[in-house]
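Structure record follows, encoded as structure tokens.
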Amino acid sequence: MRATDDPKDDLSVKPPKEWAAGVPGVAHALEYSLAQSGPRRTALTLLNINQVKGFDCPGCAWPEPGHRVKNEYCENGAKHISDEATKSRITRAFFAEHPVAELDEKSDYWLNQQGRLTEPMVKRPGATHYEPIGWDAAFDLIAGELRGLGSPDEAMFYTSGRVSNEAAFLLQLFVRAYGTNNLPDCSNMCHESSGSALGETLGIGKGSVSLEDIYEADLIFVVGQNPGTNHPRMLSALEQTKRNGGKVVAVNPLPEAGLKRFKNPQKPRGVVGRGTTIADDFLLIRPGGDLALFQMLNKLLLEAEDAAPGTVLDHGFIERDTAGFDAFAEHVRRTDWDDVLTATGLSREEIERVHERVLASKKIIVCWAMGLTQQRHGVPTIREIVNFLLLRGNLGRPGAGVCPVRGHSNVQGDRTMGIWERMPDAFLDALGAEFSFTPPRRHGYDSVNGVRAMRDGKATVFVGVAGNFVRAMSDSSVTEDALRRCRLTVQISTKLNRSHTVCGETALILPTLGRSDRDIQESGEQFVTVEDSMSMVHASRGRLEPASPDLLSEVAIIGRLARRTLGEGGAIPWEEFERDYGLIRDRIARVIPGFEDFSERAQRPGGFRLPNPVNEGVYRTLSGRAEFSCNELTMLTAPEGYLVLQSLRSHDQWNTIPYAMNDRYRGIHDARRVVLVNPEDLAALGLADQSLVDIVSVWEDGTERRAEGFRVVGYPAARGSAASYYPETNVLVPLDSVADISNTPTSKGVIVRLEPVPEAG
Ligand SMILES: Nc1nc2c(c(=O)[nH]1)N[C@H]1C(S)=C(S)[C@@H](COP(=O)(O)OP(=O)(O)OC[C@H]3O[C@@H](n4cnc5c(=O)[nH]c(N)nc54)[C@H](O)[C@@H]3O)O[C@H]1N2
Ligand SMILES: Nc1nc2c(c(=O)[nH]1)N[C@H]1C(S)=C(S)[C@@H](COP(=O)(O)OP(=O)(O)OC[C@H]3O[C@@H](n4cnc5c(=O)[nH]c(N)nc54)[C@H](O)[C@@H]3O)O[C@H]1N2
Ligand SMILES: [Mo]
């Protein structure tokens, strides 16, 4: 199937669903798979996802259980893999037919539907079209540009979290040997706030829990996360928690279907029954109210301890493992009910009921995702969650801990491999010693600073390894202009996207193997490895015939580019690495702690778990202990007539790529330019349901940004909030609107007004 036109935009609205997954989920997945890849490839791909000898699902980073069922994937995982396994191909004839300017007019959906990229292409300065280029010529071109820069810091190398550990390790090695730390990644826009907050308070920016802990917990908070769409297999785990007697509290400004009830498609009871109720309490919180909520829960714990000394707090843990308790306690006791009720929009009874659940629970886990990290005060909010867990010693023991739920399947692994503009000295020392060079120490650009640098002409070469930077970043028009100013943009990609049509003076598309493609090198068939959200590292082996004989693997592309740029004969054996990925893993094991016998252990069923020092009572913080913190109560307030807009994912998209125009659980069909608003807010704003509006954001400097032509949809969202899809609304988020400390764009907290637009005709 190849779409020849943009998809129709013809909104129909049904009531939001009360439950997620189940049979319709599987049926929708098969429909997409069969349309994209046909029956044979559908069978091959779906049977191999997340199997011990198969490939890792390129969907989310939720871990696979130890005992796998035959269909250990979800509706959306199946859609992602089918999207990659599509039978459609983009050839040189396609690029000859469509000038870049015409492609730039097409929708994100249309670009993706054209199929897999098949050979390297170049757009030369002043040219209107991409034309074919050989691999060697492409590497020579890039190496020439890189060597000609005044300083290595004028180039930047973006990574998206689909990249394997092996490719990520080689990329950062190449970039540092070349001489810069300019390694922005999708994490900068994603869980960076989690990394900042956890690194500071616990000494490691990763989650501490395992899947077994999830099953064992008495109480799990799911905050700012929509697992029904974005981590569907998490619902099977939460179902297990519930069957073991655990409780779940959901905190979200939208009543998300998956958090309410779940019908497990892999169990007969899921197919026929009413399903499992997931959230015992659903707190329909105002956007950005989470910091206030957790501060009040913390204050209530201190007061409960006052009332019954020695029964509420874990004094042994606090004394042995933590620092800063007294200052924190003094600070949090000042939290005021009126402020909290205003910030959260919740009632006192709702918060007190959750407090009672907390008191009744010995083992608590807090899970969170983008609803917290993409807020201006995301870092203090997550620190306050750490305070909450420390108070009762909910760390480093079974059934308890922190659980930032990662997005991309290997985003956590890429960080472990050194994809970060600010890797600590210990890593850089080990890397330099292993490969006999001196890695640069100066911190590089993250995603926001990278756009600033390109905008200001300080960076002129952009290399993207996977992903779709131009659509993922905030302030679309500023980001687009920044990339267009570059001398050279290079995208290593599987499929066509906006980052190929918004490009520099010279632009290259380097097509590569995907997760599901077989990877054969001189030493034989290769596998790669990934690390999931719970630090499990395991092998992934592609099974399908590659989309084209002219594709190179990411490892090969990075290695060859490194050889051309750095010259032959250095201390880094790039050719050997390409021949046998096991040799890369041997080096990883020598540079990064926890990877002993890497190749062997990665191939065991389930792989192996990287140690998290927090679980051994070791905290690599300044004080050597887990740090309590004092966080200023801040809240998002919109002036009269304004709303707080969040940009989020529909059920039918993978990040910047829409797969279809529906958002089934929320009842939205055949349209993406919609904005969900509480009916009472609509009435107060004088807007009729389904009327047409422009969404206008106003930044501190008085400048306005506009996203045109959205339909308002009355929706049971928290008062004062609005929700619309990303990437269409990225244009509204100013480049300078970032989370404090983590520098993450505030994709979830944009102050907007809705301007009615007269209907045509
Ligand atoms: N099918 C599918 N799966 C995916 C992805 C995809 O695009 N499609 N993307 C992957 C990636 S990279 C990531 S990072 C994850 C993202 O996973 P999520 O974080 O679940 O993704 P979002 O759609 O951004 O949803 C954010 C949730 O936070 C809520 N929220 C917004 N503001 C607030 C707030 O102020 N407080 C609270 N408590 N909640 C708030 C929203 O209502 C929404 O439910 O998913 C991964 N999995
Ligand atoms: N407004 C707003 N903006 C956001 C967010 C939001 O919630 N709201 N979320 C942010 C988040 S959490 C994230 S993670 C980013 C996502 O940002 P990215 O990770 O940059 O974006 P994706 O859409 O996942 O990238 C899709 C492209 O990756 C390429 N690709 C897919 N698989 C492979 C592969 O195996 N190898 C290679 N080389 N290429 C491959 C394909 O060409 C495809 O077109 O967006 C961020 N931006
Ligand atoms: Mo993400």
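The values are calculated or read from the model by the stated rules, or taken from the named source; none is laboratory data. Note that the structure is a prediction, hence the values are computed from the model and not measured. Here Cβ is always computed from backbone atoms with ideal geometry, including for glycine, and neighbour counts include all displayed protein chains. Surface accessibility is based on the protein's heavy atoms, side chains included, excluding ligands, DNA and RNA. Shrake-Rupley method; radii C 1.70, N 1.55, O 1.52, S 1.80 Å.
A few points about this structure:
- Assessment of region 720-727 against the conditions (more than 16 Å from ligand 2 (Cβ to nearest atom), open to solvent by 20 Å² or more (accessible area, probe 1.4 Å) and in the same structural domain as ASP663 (by TED's automatic domain parsing)) yields at least one matching residue.
- Evaluating ILE741 against the criteria (1) more than 27 Å from ALA257 (Cβ to Cβ); (2) touching a Ser or Thr at 6+ places or on another chain (Cβ under 8 Å); (3) among the hydrophobic types (A, V, I, L, M, F, W, C); (4) outside any loop (DSSP other than H, G, I, E, B) leaves one unmet condition, (4).
- Going through (1) within 25 Å of PRO716 (Cβ to Cβ); (2) surrounded by fewer than 18 Cβ atoms within 10 Å (Cβ to Cβ); (3) of a type outside the set (A, V, I, L, M) one by one, THR344 falls short only on (2).
- Looking across region 274-323, the residues that are open to solvent by 10 Å² or more (accessible area, probe 1.4 Å), part of a helix (DSSP H, G or I) and of a type in the set (Gly, Ala, Ser) come down to ALA304, ALA307, GLY316.
- Counting residues in region 382-392 that are free of Cβ contacts under 8 Å to residues at least 60 places away in the same chain and not basic (Lys, Arg) gives one or more.
- Verdict on LEU202 being open to solvent by less than 20 Å² (accessible area, probe 1.4 Å), under 26 Å from ALA723 (Cα atoms) and more than 19 Å from the chain's Cα centre (by Cα): no
- Subset of region 674-686 (residues that are in a loop (DSSP other than H, G, I, E, B) and either β-branched (Val, Ile, Thr) or crowded, with 19+ Cβ neighbours inside 10 Å (or both)): ASN678
- Looking only at region 619-643, and only at residues there that are more than 16 Å from ligand 1 (Cβ to nearest atom) and among the hydrophobic types (A, V, I, L, M, F, W, C), the one that is most open to solvent (accessible area, probe 1.4 Å): LEU622
- Of the criteria (1) at pLDDT 95 or above; (2) crowded, with 22+ Cβ neighbours inside 10 Å, which one GLU522 fails: (2)
- Residues that are in contact with a Lys or Arg (Cβ under 9 Å, 6 or more places away or on another chain) and either open to solvent by 30 Å² or more (accessible area, probe 1.4 Å) or more than 16 Å from ligand 2 (Cβ to nearest atom) (or both), drawn from region 644-660: TRP654
- Residue list for region 116-134, filter: of a type in the set (Ser, Thr, Tyr) and crowded, with 20+ Cβ neighbours inside 10 Å: TYR130
Results for (1) within 27 Å of ASN76 (Cα to Cα); (2) among the small types (Gly, Ala, Ser); (3) part of a loop (DSSP other than H, G, I, E, B); (4) within 16 Å of ligand 1 (Cβ to nearest atom), shown as yes or no for each residue.
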{"position": "LEU171", "(1), (2), (3), (4)": "no, no, no, no"}
{"position": "ALA177", "(1), (2), (3), (4)": "no, yes, no, no"}
{"position": "SER196", "(1), (2), (3), (4)": "no, yes, no, yes"}
{"position": "ILE204", "(1), (2), (3), (4)": "no, no, yes, no"}
{"position": "GLY207", "(1), (2), (3), (4)": "yes, yes, yes, yes"}
{"position": "TYR215", "(1), (2), (3), (4)": "yes, no, no, no"}
{"position": "ILE220", "(1), (2), (3), (4)": "yes, no, no, yes"}
{"position": "THR229", "(1), (2), (3), (4)": "yes, no, no, yes"}
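- Criterion: among the small types (Gly, Ala, Ser) and within 19 Å of HIS651 (Cα to Cα) - qualifying residue of GLY258, GLY205: GLY258
- Selection within region 205-240 - among the aromatic types (Phe, Trp, Tyr) and either open to solvent by 10 Å² or more (accessible area, probe 1.4 Å) or within 15 Å of the chain's Cα centre (by Cα) (or both): TYR215
- Qualifying residue in region 686-695 (condition: under 26 Å from the mean Cα position of the chain (by Cα) and more than 16 Å from ligand 3 (Cβ to nearest atom)): yes
- Applying a threshold of 6 Å to beta carbon distances and a minimum spacing of six or more residues, or different chains, the list of pairs starting in region 225-237 at a residue that is among the basic types (Lys, Arg) and ending at one that is more than 14 Å from ligand 3 (Cβ to nearest atom) and not in a helix (DSSP H, G or I) reads ARG233/CYS74.
- The set of residues in region 447-493 that are part of a loop (DSSP other than H, G, I, E, B) and either free of Cβ contacts under 8 Å to residues at least 60 places away in the same chain or away from ligand 1 (no atom under 16 Å from the Cβ) (or both) comprises ASP456, GLY457, LYS458, ALA459, THR460, ASP475, ARG485, CYS486, ARG487.
For (1) open to solvent by 30 Å² or more (accessible area, probe 1.4 Å); (2) in contact (Cβ under 8 Å) with a residue 24 or more places away in the chain; (3) within 16 Å of ligand 2 (Cβ to nearest atom), each residue gets a yes or a no:
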| residue | (1), (2), (3) |
| --- | --- |
| ASP136 | yes, no, no |
| GLY148 | yes, no, no |
| ASP153 | yes, yes, no |
| SER164 | no, yes, yes |
| ARG176 | no, yes, no |
| LEU183 | no, yes, yes |
| GLU192 | no, yes, yes |
| GLY195 | no, yes, yes |
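- In region 376-435, the residues that are among the hydroxyl-bearing types (Ser, Thr, Tyr) and within 15 Å of ligand 2 (Cβ to nearest atom): SER409
- Conditions (1) over 14 Å from LEU219 (Cβ atoms); (2) among the acidic types (Asp, Glu); (3) more than 16 Å from ligand 1 (Cβ to nearest atom): number failed by GLU356: (1)
- Conditions (1) touching a strand residue (DSSP E or B) at 6+ places or on another chain (Cβ under 9 Å); (2) touching a residue at least 24 places away in the same chain (Cβ under 8 Å); number of the one not met by ARG587: (1)
- The residue that is farthest from ligand 1 (Cβ to nearest atom), counting only those in region 422-440 that are surrounded by fewer than 22 Cβ atoms within 10 Å (Cβ to Cβ) and assigned to a loop (DSSP other than H, G, I, E, B), is SER436.
- Every condition in (1) closer than 18 Å to ILE668 by Cβ; (2) part of a loop (DSSP other than H, G, I, E, B) is met by CYS57 except one, and the failing one is (1).
- Residue in region 484-492 that is basic (Lys, Arg), open to solvent by 10 Å² or more (accessible area, probe 1.4 Å) and within 16 Å of ligand 3 (Cβ to nearest atom) present: no
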